[in-house]
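The values are calculated or read from the model by the stated rules, or taken from the named source; none is laboratory data. Given the structure is predicted, the values throughout are model-derived calculations rather than measurements. Glycine also receives a Cβ, built like all others from the backbone with ideal geometry; neighbour counts cover every protein chain displayed. Surface accessibility is based on the protein's heavy atoms, side chains included, excluding ligands, DNA and RNA. Shrake-Rupley method; radii C 1.70, N 1.55, O 1.52, S 1.80 Å.
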Amino acid sequence: MTSVGTGYDLSVSTYSPDGRLFQVEYAGKAVDNSGTTIGIRTKDGVVLAVEKIIPTKLEVPGSNKRIFSIDKHIGFASSGWMPDVKGLVARAREEAWEYQKLYKVPTPSKILAERIGMYIQAYTLYSSVRPFGAMPIMASVDKDGPQLYMFETSGAYYGYRGCATGKAKQLARTELEKLDIDSLSIRDAIKEAARIIYTVHDDSKDKLFELELAWVSQESGNVFSKVPQDIFDEAVQYAKRANDDDSDDDDDL
Amino acid sequence: MSTEIQNAAKSHAGRWEPYVDNGGTSLAIAGPDFCIIASDTRQSEGYSINTRYDSKVHQITDKVLFATSGYSADGKKLAENIKIQAEKYLDKNDKIIQAPSIAQMTSIIMYQKRFFPYYVFPILAGLDGEGKGCVFSYDPVGNMERVGFQVYGSASALIQPFLDNQVGLKHQENVDKNRTLSKQEAFDLAIDSFTSATERDIYTGDYLEIYTVDSTGIHKEVRTLKFD
Amino acid sequence: MSSSLLLSKKNSDVTENGTYKHTTSPIVTGTSVLALKYKDGVMMASDCLASYGSLARFRNVRRLQPIGTHTILGASGEISDFQFIQNQFEGLMLKEHVEDGQKLETSSIYRYLSNVMYGRRSKVDPLWNKYIVAGVEPSKNNNIFLGFVDLYGTTYQSSVMATGFGAHIALPIMRKYAEPRADSLTEEEASKILDDCMRVLYYRDARSFNKIQKAKVTAQGVEISEPYSLSTNWDFAESIIGYGS
């Protein structure tokens, strides 16, 4: 890294001569240290999937979740530094509730996205603060249908049909691009999401991981929630079979 | 009249009264090695009976009870606060707080609200550190006195003179002033006090909770009073 | 009017001499709420009227509100204060939902509300209501709960209860027909007692309305009826001079 030692990477309040904010970029590196998170938006719903890396098998199964409800119809999944993720989740919940309380309508996701984006951005302005080491993916179904947003460490955010962040984001994005998302049903999207997490997981780097799946769709009553166990099991089965087939092909070659 | 005084008078006139009297009567009698605590369970507001069963006696420790009367909401909150402090005492000192200490603490808790008092007439009763029966009575701002017996509440004027005579042995001639009541005598006096008071006081009635505290612990009995 | 003034808390406007003005009387009010325990749970009734003094101002107001899966909240008194409490509970229940918290059961909801009411009376800025909280508690062996709390923070529990005018007119009826049989009363019987009480109230309470709702909570959850009317008979008016003729 050529920037290291130049002095321009110490404060978030100073640009480098070529116009970069290194602290913001380093925050992105922090995100790349954690497991992969993906989101797929179909016509009838959104699915979020997380490869939750387990540092020790002493950890209680199902604990330290990386997927969070924000409002009834909105959810977050995030790679990155866990305390920062939780900080953003708490802020998002507050924003969603304040909006709901004031206007008596479910918070539209584009408004919540703007507020979260500006909140993250505010932490890139001052030398006294550290940018968030998290890239949350936000899923919701609102009056405009299913929505999927991803926030970057700069506060920039975009709407997606499919997005990925974390350790294997490149590989995951390649896999997402292969899908015909527009014609995918939510049920199939869940399977594909599970498959991609299993595909991009690197056994040689991290032995243990747990798959987390959550969705919001008509079938879930437009409530953001954990994918029901039977659908979850089916998706895992599909993911494992697909990966086994791949390795069989490798053997044949 | 100055405008300030006028304003003060006006604001006082429009002020909402934050107290209600929910009636009810509580009684306690201390014996040499026991204590009797009794309360009726009627909760009223004006001429309406809210409920026929609302306990006014609260257990603080395994030896001490706290009986209230007056404004029910304050009574419950005061009992809750005393219980919280008693638990804190246990956590800090690894020892169950004793009656005289609870009594002093109660006085302080009540005086802290000297200018917005708990509208409650409490009686703290049970066994003291030596196992003797004890009764502490208070006014709403925390004045405290250790007494041998006490009645507070809507029927206090009916029962207190009766106990003065029967327990305090007042106005009796040729009586052994050192005589103490037996547990059974005190228990029966408590019942007779309430059955009589119920006849004349509309705010006392429905059920009677009688607690006996002695070296074997706390024993509760519930008797019916009149429902009218 | 500035937006900050628009959003400033009701009932706490600063007066000229720098003191705060609090609620000293209710403005838009709902009349009685009735509730009783029966065999399978608890049932509640209220009418749909919000009065402005003696004016029947809003005639389609729902005063029975489900809170969570097994609790209903019935409100009489100041409607704006009730709406404030509804908002508080909406936030509380949403918090519970997103944080996967332990489900709040009826007695916890009642305790929360009681603390809010006592807290506000202690600030001498009361929420001008009488509330009945009713429900069934699945984790406590389907314990049937019925509790009351008012603007003084006064609380009590009972197998029958009524607020407002209902405490004078309907409560004696419920004490006679429902209270002694709270364990054996069927749903039909409970329903009929409440309808009869609401009818009597409609005959005698000038702030009542013949459009009512009934709600029940059983182990299966909350059910709140759509508003409906009761049959009435005003023939007796004929015989009263100066009433009908």
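Evaluate peptide A:100-112: per residue, the Cβ atoms of other protein chains within 10 Å of its Cβ; return the mean as an integer.
Per residue, the number of nearby Cβ atoms from other chains is 1 on average.
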*Tell me, what % of the accessible area of the stretch C:36-227 is carbon and sulfur with a 1.4 angstrom probe?*
49 percent
*Beyond 32 Å between alpha-carbons counts as too far, so tell me which of A:Lys110/C:Lys95; A:Lys104/A:Lys178; B:Lys220/C:Lys192; B:Lys56/B:Lys95; B:Lys83/B:Lys132; A:Lys104/C:Lys123 fall in that bin.*
A:Lys104/A:Lys178; B:Lys220/C:Lys192
*Quote the total accessible area buried by chains C and B together, excluding ligands, DNA and RNA, probe 1.4 Å, nearest 100 Å².*
2000 Å²
*Which order do A:Asp44, C:Asp100, B:Asp21 take by accessible area at a 1.4 Å probe, largest first?*
C:Asp100, B:Asp21, A:Asp44
*asked:* Could you report the accessible area of A:Arg91 in Å², rounded to 10, computed with a 1.4 Å probe on the protein chains as they sit in the structure?
replied: 80 Å²
*Name the residues of the stretch C:18-42, by number, that are at least 20 Å² less accessible with every protein chain in place than in the isolated chain; the surface is that of heavy atoms, probe 1.4 Å, without ligands or nucleic acids.*
C:Thr24
_Chain-alone versus full-assembly comparison, the stretch A:26-73, residues with accessible loss of at least 10 Å² (1.4 Å probe)_ = A:Ser69, A:Ile70, A:Asp71, A:Lys72
*Gyration tensor verdict on the protein assembly as shown (Cα atoms; rounded if a/c is under 1.5, prolate if a/b is larger than b/c, oblate otherwise)*: prolate
*Mind telling me which of B:Asn93, B:Asn50, B:Asn174 comes out most flexible in a GNM of chain B, alpha-carbon contacts under 10 Å?*
B:Asn174
*Protein chains only, probe 1.4 Å: how do A:Ser16, A:Ser154 rank by accessible area, largest first?*
A:Ser154, A:Ser16
_Karplus (6.51, -1.76, 1.60) ³J(HN,Hα), θ = phi - 60°, over the stretch C:197-210, in Hz, Gly and Pro reported as x_ = 4, 5, 5, 4, 5, 5, 5, 10, 8, 5, 9, 9, 8, 8
*May I ask you to compute the full-extension gain from A:Val105 to A:Glu59, defined as 0.36 nm times their residue separation minus their alpha-carbon distance, rounded to one decimal in nm?*
12.6 nm
_Going by Cα centres, the stretch B:27-93 and the stretch A:46-109 are how many Å apart?_
46 Å
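Note the full-extension length gain between B:Arg179 and B:Asp139 as 0.36 nm times their separation in residues minus their Cα-Cα distance, in nm to one decimal.
Additional length available on full extension: 11.5 nm.
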*asked:* Given the -39500 (n - 2.57) contribution per DSSP H run of 4+ residues, what per-residue ellipticity at 222 nm results for chain C, rounded to the nearest 500 deg cm²/dmol?
replied: -9000 deg cm²/dmol
*Name the most mobile residue of A:Val60, A:Val227, A:Val129, meaning the one with the largest mean-square fluctuation, in a Gaussian network model of chain A with Cα contacts below 10 Å.*
A:Val60
*Show the residues, 5+ positions off or on another chain, whose built amide H is closer than 5 Å to the amide H of C:Thr155.*
B:Ala73
*C:Gln220/B:Leu90 FRET efficiency (R0 51 Å; Cβ-Cβ; nearest 0.05)*: 0.75
*Taking the Cα centre of each part, how many Å lie between the stretch A:185-223 and the stretch B:150-228?*
72 Å
_Prolate/oblate/rounded call for the stretch C:36-227, Cα gyration tensor, a/c under 1.5 rounded_ = oblate
*Going by a 1.4 Å probe on protein heavy atoms, which residues of the stretch C:86-121 end up with at least 50 Å² less accessible surface in the whole assembly than in their chain alone?*
C:Asn87, C:Glu90, C:Leu94, C:His97, C:Val98, C:Tyr118, C:Arg121
*Just the ratio, please: alpha-carbon radius of gyration of chain B over 2.2 N^0.38 Å, N its number of residues.*
1.09
*With every protein chain left in place, what is the accessible area per residue of the protein assembly as shown in square angstrom, probe 1.4 Å?*
49 Å²
_Counting only protein heavy atoms and a 1.4 Å probe, tell me what percentage of the stretch A:22-242's accessible area is made up of carbon and sulfur._
52 percent
*In Å², nearest 10: area of C:Arg181 left accessible to a 1.4 Å probe*: 90 Å²
*For A:Trp81, residues with placed amide H under 5 Å, excluding near neighbours*: A:Gly133, A:Ala134
*Give the cross-link partners of A:Lys43 among the lysines, using a straight C-alpha distance below 17 Å as the criterion and excluding same-chain residues fewer than 8 apart.*
A:Lys143, A:Lys191
_For the stretch B:121-146 and the stretch A:110-171, what is the centre-to-centre distance using only Cα atoms, to the nearest Å?_
63 Å
*Can you give the helix-only mean residue ellipticity at 222 nm for chain B, where every DSSP H stretch with n ≥ 4 adds -39500 (n - 2.57) and the sum goes over all residues, rounded to the nearest 500 deg cm²/dmol?*
-11000 deg cm²/dmol
*Please give every one of the lysines within straight-line cross-link reach of A:Lys205, meaning a C-alpha to C-alpha distance under 16 Å, and leave out same-chain neighbours fewer than 8 residues apart.*
A:Lys52, A:Lys57, A:Lys167, A:Lys169
_GNM flexibility winner over chain A from A:Ser140, A:Ser128, A:Ser11 (Cα, springs under 10 Å)_ = A:Ser128
